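Take a look at the structure set out below.
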């Protein structure tokens, strides 16, 4: 079981809300809405996705990585490297 499993329904609800925001953005472009209004909505969607990503990362660290560290050895090293790589990808985006 993954760390986010307990909050899976919350994550799905948030992702569906983001999906709706994306559809709204598509509509705005189709309807030739003002550029700044579209950019404002893009920023909101970006923040919403970042919030989901940070939540998942926190749960990964507190569940998967913590469990691997408790087990020790190569598994712990691999999970820490995996988490570090994920943080690097989030920071770059």
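The values are calculated or read from the model by the stated rules, or taken from the named source; none is laboratory data. Since the structure is predicted, the reported quantities are computational estimates derived from the model, not experimental observations. Cβ atoms come from the backbone with ideal geometry, glycine included; neighbour counts cover every protein chain shown.
Quick look at the values:
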item: Residue in segment 27-40 that is in contact with a helix residue (DSSP H, G or I) (Cβ under 7 Å, 6 or more places away or on another chain) and closer than 21 Å to residue 91 by Cα present; result: no
item: Which listed residue is exposed (fewer than 11 other Cβ atoms within 10 Å of the Cβ) and touching a helix residue (DSSP H, G or I) at 6+ places or on another chain (Cβ under 9 Å), from 70, 44, 53; result: 70
item: Of the criteria (1) assigned to a helix (DSSP H, G or I); (2) over 15 Å from the mean Cα position of the chain (by Cα); (3) loosely packed, with under 13 Cβ neighbours inside 10 Å; (4) modelled with pLDDT of 95 or more, which one residue 78 fails; result: (4)
item: Pairs where the first residue, in segment 79-91, is under 13 Å from residue 68 (Cβ atoms) and the second is surrounded by 11 or more Cβ atoms within 10 Å (Cβ to Cβ), C-beta under 7 Å, 6+ apart; result: 79/64; 79/65; 79/68; 80/65; 83/60; 83/61; 83/65
item: Any hit, segment 5-19, residues being at pLDDT 95 or above, out of contact with any strand residue (DSSP E or B) (no Cβ under 7 Å at 6 or more places or on another chain), surrounded by 12 or more Cβ atoms within 10 Å (Cβ to Cβ) and not in a helix (DSSP H, G or I); result: no
